[in-house]
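Read-outs: derived from the displayed coordinates by stated rules, not from any lab. The structure presented is a predicted model; accordingly, all values stated were derived computationally and were not measured. Quick reminder, even Gly has a Cβ in these numbers, built from the backbone with ideal geometry, and neighbours come from all protein chains shown.
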DNA sequence: CTAAATGCAAAATTTTTGCAGTCCC
DNA sequence: GGGACTGCAAAAATTTTGCATTTAG
């Protein structure tokens, strides 16, 4: 998945996406994207910045932040397991899952008891022992889509 | 789910959990927990702080942070859709899911193509339109559990 | 050439910490 | 009473912004 071939393909796609989005293909953007594409560990902005420092000593951390945000806005990369900015909490400890509206960011709980019975792929046994599995559904809530129409 | 009855039950459980964990049941802790238990919107520390301000004018934001972290450490509440502190990114845009080790925090990708065919509960139709669904599996990776043994 | 992107510095936001006083058990 | 907890203030960590300069197309 992270072999040179695949990274190369992603870079190709990346350049196409930039052209389509009218984003300039700068040295920094190319290197930031390449570094993320070959990473196995879902790095943070700061981590990417440090990894790129040898190759691009003049690169600044704020450019990494700005660039990642731009890439995310254009759907070229994803932000992982995060609701923007602040940490969010819940006291509901029974098994449940989340609906997240991509428009308004609202998180709604839902129940799906039969999901407990669904078996995960066997390969996961090689990873370790599983405690729980949760589903995150993303889409547009009715409120937001009716606002868009109206 | 968030009716007075259920909040009351959670408060009862909360007090028991505090006693079991040797945590003192302070006024602030009770109110912070109550506020979170009755919330429908997975609030942030800052949001809880603002909501509690009328009732507890002397409550400080850092107490809210400290308290939520304590509750989380003792498994009384959950942090939602978040990997601690920094935002994390990935360039893998094809459908995949995540394994997260609760010990070391490492995030590993896995494929589960047949999950696409699994139907979500029908009630979700009332929520809005779904774009994608992802699974987050939490547990302990082999590396961490062997370290624990050794 | 020109609009967009970068780097720098500084600010804003979010979270954590040290310490003195307070409160639960 | 004593250790745990809180509030305050200050610091640390993370992310964003304004502006002058540079660069891709």
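Identify all residues within the range B:99-113 that are in contact (Cβ under 8 Å) with a residue 40 or more places away in the chain and either more than 18 Å from residue A:127 (Cβ to Cβ) or surrounded by 16 or more Cβ atoms within 10 Å (Cβ to Cβ) (or both); write none if there are none. Within the range B:99-113, B:99, B:101 meet the criteria. The residues of the range A:114-139 that are surrounded by fewer than 18 Cβ atoms within 10 Å (Cβ to Cβ), farther than 14 Å from residue B:115 by Cα and at the interface with chain B (Cβ under 9 Å from one of its Cβ atoms), listed by number, are A:123, A:126, A:129, A:130, A:131, A:132, A:138.
Residues of the range B:19-29 that are out of contact with any helix residue (DSSP H, G or I) (no Cβ under 7 Å at 6 or more places or on another chain), in a helix (DSSP H, G or I) and within 9 Å of DNA strand C (Cβ to nearest atom): B:19, B:27. Being on the phi > 0 side of the Ramachandran plot and either over 22 Å from the mean Cα position of the chain (by Cα) or surrounded by 14 or more Cβ atoms within 10 Å (Cβ to Cβ) (or both) is a property that residue B:96 lacks. Within the range A:67-76, is even one residue at positive phi and surrounded by 18 or more Cβ atoms within 10 Å (Cβ to Cβ)? No. Filtered by the rule that a residue be within 13 Å of residue A:93 (Cα to Cα), out of contact with any helix residue (DSSP H, G or I) (no Cβ under 7 Å at 6 or more places or on another chain) and either more than 9 Å from chain A (Cβ to nearest Cβ) or assigned to a helix (DSSP H, G or I) (or both), the range B:1-16 gives B:6, B:9, B:13. Looking only at residues of the range A:31-65 that are in contact (Cβ under 8 Å) with a residue 12 or more places away in the chain and in a loop (DSSP other than H, G, I, E, B), we find that the one that is farthest from DNA strand C (Cβ to nearest atom) is A:40. Among the residues of the range A:52-61, are any surrounded by 14 or more Cβ atoms within 10 Å (Cβ to Cβ) and within 7 Å of chain B (Cβ to nearest Cβ)? So far as the range A:52-61 goes, no, none of its residues is surrounded by 14 or more Cβ atoms within 10 Å (Cβ to Cβ) and within 7 Å of chain B (Cβ to nearest Cβ).
Number of residues in the range B:79-93 that are assigned to a loop (DSSP other than H, G, I, E, B) and surrounded by 12 or more Cβ atoms within 10 Å (Cβ to Cβ) equals 9.
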